[in-house]
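What follows is a single structure, written as structure tokens, with notes after it.
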């Protein structure tokens, strides 16, 4: 095979990355990377035509994939697109709900990096704040003018920026919300962006006491909340509530019930199998992960 062409969103791109790598090795790629901790070095050439912007998969060498037997959703590494077409008009071919979901994934990627370490001011975070403000602004534009080319173009660029590594320079990223949602997806096959929308505010209410200064900066610099008359804690809480209100404003779900997650889902199994990330401002326990999941119901 001379070329694999991935036409679609991040899931299509990730699947094609795995195929491009698996075709060049004799053993199971999952076992190669997760048991032997070895990455492939040869790939079938890969190109991407992106129709849903959000994952940034076209800009990196990660591929999120679900091992259905093990009930693990995680990343395999190595393959990267040799070229990518980022034409905003292609996003007109998919439902608006998926466009918004993808854009929220971009916002999530930016937040997951922003709330990583270190906490002090740095250029990466300054750029990140601009990316987050752009995503928020342009989602709102699309809600009133769904065919707006400029807004779709900006969201395409933001998606790439959130996952091309620039915002992560000098940072140890968080991505705890992604790890929780990945395992929820492994057990329920829920929509990725929608799952993140439900989990983020609940998770942040748990993390906020461990880093009120960073959440207060988020409130002021991303959401434009006036700090006058507010303590650092109140300002930080206002930022999380602004995120919550925005999720409702754009029509994303705020509970697992709204998302259609079955009531009998084994949330303890989800919590017990979730990767605990190193960049988080607070080390979460399995018990607290389960509390977070239950609060999302």
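The values are calculated or read from the model by the stated rules, or taken from the named source; none is laboratory data. Every value quoted in this text rests on a predicted model; they were computed, and no experiment measured them. Virtual Cβ from ideal backbone geometry, glycine too; neighbours counted across all protein chains shown.
Across the stretch 262-274, a minimum of one residue is classified as surrounded by 16 or more Cβ atoms within 10 Å (Cβ to Cβ) and not in a helix (DSSP H, G or I).
Just one of the listed residues (239, 251, 279, 229) is more than 29 Å from residue 96 (Cβ to Cβ) and either touching a residue at least 24 places away in the same chain (Cβ under 8 Å) or not in a loop (DSSP other than H, G, I, E, B) (or both), and it is 279. Here residue 108 meets each of (1) out of contact with any strand residue (DSSP E or B) (no Cβ under 8 Å at 6 or more places or on another chain); (2) crowded, with 17+ Cβ neighbours inside 10 Å; (3) over 18 Å from residue 180 (Cα atoms) with one exception, condition (3). Given the structure, is residue 263 free of Cβ contacts under 8 Å to residues at least 40 places away in the same chain, closer than 23 Å to residue 193 by Cβ and under 21 Å from the mean Cα position of the chain (by Cα)? Considered against the rule, which asks whether it is free of Cβ contacts under 8 Å to residues at least 40 places away in the same chain, closer than 23 Å to residue 193 by Cβ and under 21 Å from the mean Cα position of the chain (by Cα), residue 263 comes out as no.
The sole residue among 193, 239, 185 that is in contact with a strand residue (DSSP E or B) (Cβ under 8 Å, 6 or more places away or on another chain) and modelled with pLDDT of 95 or more is 185.
Taken over the stretch 31-43, the criterion of being surrounded by fewer than 17 Cβ atoms within 10 Å (Cβ to Cβ) and in contact with a strand residue (DSSP E or B) (Cβ under 6 Å, 6 or more places away or on another chain) is satisfied by 39 alone. Scanning the stretch 71-85 for residues that are in contact (Cβ under 8 Å) with a residue 24 or more places away in the chain, under 13 Å from residue 14 (Cβ atoms) and in a strand (DSSP E or B) yields 73, 74, 76, 77. Of the residues making up the stretch 86-95, those that are surrounded by fewer than 18 Cβ atoms within 10 Å (Cβ to Cβ) and assigned to a helix (DSSP H, G or I) are 89, 92, 93. In the stretch 215-227, is there at least one residue being under 18 Å from the mean Cα position of the chain (by Cα) and crowded, with 17+ Cβ neighbours inside 10 Å? The answer is yes, given that some residue of the stretch 215-227 is under 18 Å from the mean Cα position of the chain (by Cα) and crowded, with 17+ Cβ neighbours inside 10 Å.
Looking across 230, 283, one residue alone is surrounded by 13 or more Cβ atoms within 10 Å (Cβ to Cβ) and more than 18 Å from residue 107 (Cβ to Cβ). It is 230. Against the numbered list (1) under 19 Å from the mean Cα position of the chain (by Cα); (2) at pLDDT below 95, residue 119 comes up short only at (1).
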